[in-house]
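Written below as structure tokens is the structure these notes are about.
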Amino acid sequence: MSFPGSGLAKGLAVTLRTMTKKTVTAQYPDVQPELPPRTRGVIALLEENCTVCMLCARECPDWCIYIDSHKETLPAADPNARARTRNVLDRFAIDFSLCMYCGICIEVCPFDALFWSPEFEYAETDILELTHERDKLREWMWTVPAPPALDPAAEEPKEIAAARKAAEKLAAAAAAEAGGSE
Amino acid sequence: MNLLDTLLRCAAALVVFLTFPLIIGQTEHKVMAHMQGRLGPMYAGGFHGWAQLVADGVKFAQKEDIVPAGADRRVFQLAPAVSLLPYLIVLLAIPVGPDGFVGQAVDAGLFFVLAVMGVGVIGKLMAGWASANKFSLLGGLRTAAQLMSYELPMVLAAASVAMAAGTLSLPGILDAFEWYWIPWQAIGAFVFFTAGLAELQRPPFDMPVADSEIIFGAYTEYTGLRFAFFLLSEYAGILVVSALTAVLFLGGWHGPLPDDLGWLWTILKTFALAFVVIWLRVTYPRLREDQLMRFAWTVLIPLALVQLALTGVIKVAIS
């Protein structure tokens, strides 16, 4: 069911149809791209959460995280108690010329101090300037979007589940007490 | 016709010659981009890159004009002009509207136009030969071969129209035009337009400048303004071939509107055909050199002869 030249006509139809459709060009510097959540743009640090456990620096496959810290002794609150020590973060830097954006540091952080940010405009003219220090990493924290909503059929978040179980237990105990006093 | 009138007509043809090819070029940028899902130029001039070709022209003017050491200097430098000017001269003879709305009504207009258009190809041959470059020479020879095989069906198709009208004058042909000429001369229109495309070396017939095989054919050694002239001659060629097809086969100024607006019809038909030229370029890949030759000799020339016979039979039957 084809007449000679139907393929040629089909080709013409394809180009004409494409012309009437919306173009796919991203006009990047004029229009910012719409990036999906969890885009691997840059790694941001919430340094308030960091305990200098060094897990991220040790797990990093290409050793691009630099952490310096010192110990501080807190005076004992109670005269009978021992003085406490804690780690204070002096330097947290990520060398983005080495980083391969694997995200292992973010996965491994037990205190939620590292996050993916979709920010991607941090090109530099010198490779050395790609090592970003803690203040810059903290600034990027402001660009981290809220996590996307869970799927409708997903398991509920652990902290909500725990809170709900505790509340249910309390309610059950209160009901049992009320039943026993009658 | 006094001197002032002549000067005015020449100036008008020059203005058309300098602006319309640029409009076609800009249309090609945009149409090609959108047919490929892109936007095309967006910055030059502010609004959707309307001044892109002006910017290109400025760029070309700034570039160094290089003549290769082994080149035949005079011929090399003259070639772009030989390639470009014939189209300007042809434009003078193309009727735009009725009642003398034409640069210069030539009695043997059809003959004149086809002859002068053939000269443009000589410019490309000169470029190919004078460049002292094997790719240029190959491109030039391909141009020559293409001209040889496509000029014949083009002339045969044009001859069919001349037979139908009984005159060689372009305004005369349009005066004799009737609506039923369009189906009657449809085969001729196809042959003429296709052969015109091949003469302009437009894709899918652009083997003389096939960049994957011979860099840029006859234009390989050209830079700066001379190169820009070759490009301009290509777009002027689109204008001329589209206008000629519109005048010979689509009835030129004839249309539903009153005759005063005939020039609008000519321009509209010309640009519609120029759009088709661009459309074909975007859609089809380049033919191989032997396919090109086979297409000319085994398809276009027999078709043109069939059209000629058909025209003759119907012409005799009518009269």
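Express in nm, to one decimal, how much length is gained between A:T143 and A:A174 on full extension, taking 0.36 nm for each residue of separation and deducting their alpha carbon distance.
Values: separation 31, 0.36 × 31 = 11.16 nm, distance 4.50 nm.
Residue separation times 0.36 nm, minus the Cα-Cα distance, leaves 6.7 nm.
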FRET efficiency for B:H48 and B:V313, Cβ-Cβ distance as r, R0 = 51 Å, nearest 0.05?
-> 0.50
Which length gain, in nm to one decimal place, applies between B:A176 and B:R74 when the Cα-Cα distance is subtracted from 0.36 nm times their residue separation?
-> 32.2 nm
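Length gain on complete extension for the stretch A:R164 to A:E133, per 0.36 nm per residue less the alpha carbon to alpha carbon distance?
Gain on stretching A:R164 to A:E133: 7.1 nm.
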Using 11 Å as the cut-off for backbone N distance, which residues of the stretch A:91-110 belong to the label zone defined by a point 7 Å from the Cα of A:D62 along Cα→Cβ?
-> A:95-102
In chain B, which longest range has no GluC sites (Glu not before Pro) that are both DSSP loop (not H, G, I, E or B) and surrounded by at most 16 other Cβ atoms within 10 Å?
-> B:179-319
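Given R₀ = 45 Å, what would the calculated FRET efficiency be for A:N49 paired with A:K21, taking r from the Cβ atoms and rounding to 0.05?
Details: r = 47 Å, r/R0 = 1.05.
The computed FRET efficiency comes out at 0.45.
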Between A:L114 and residues 5 or more places away or on another chain, which pairs have amide H atoms under 5 Å apart, with H built 1.01 Å from N, and which residues are they?
-> A:L46
Please turn the phi angles of the stretch B:187-201 into ³J(HN,Hα) values with the Karplus equation 6.51 cos²θ - 1.76 cosθ + 1.60 (θ = phi - 60°), one per residue in order, whole Hz, x for glycine and proline.
-> 4, x, 4, 4, 5, 4, 5, 5, 5, x, 4, 5, 5, 7, 6
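So, with +1 on the Cβ of K and R and -1 on the Cβ of D and E, and no other charges, what is the size of the charge dipole of chain B about its Cα centre, to the nearest 20 debye? List each step's numbers first, then the result.
Working: 18 positive and 21 negative charges, 131 e Å.
Once rounded to the nearest 20, the dipole reads 620 debye.
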Theoretical FRET efficiency, 1/(1+(r/R0)^6), r = Cβ-Cβ of A:N80 and A:T39, R0 45 Å, to 0.05 = 0.30
Beyond 30 Å between alpha-carbons counts as too far, so tell me which of B:K124/B:K315; A:K10/B:K59; B:K30/B:K59; A:K22/B:K124; B:K30/B:K134 fall in that bin.
-> B:K124/B:K315; A:K10/B:K59; A:K22/B:K124; B:K30/B:K134
For chain B, the longest principal axis of the Cα atoms and the Cα long axis of helix B:301-318 enclose an angle in degrees, to the nearest 10, of 20
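Only the coordinates and a few stated rules stand behind these numbers; no lab work does. All of these numbers come straight from a predicted model, not from anything done at the bench. For neighbour counting, all protein chains shown are included, and Cβ atoms are generated from backbone atoms with ideal geometry for every residue, glycine included.
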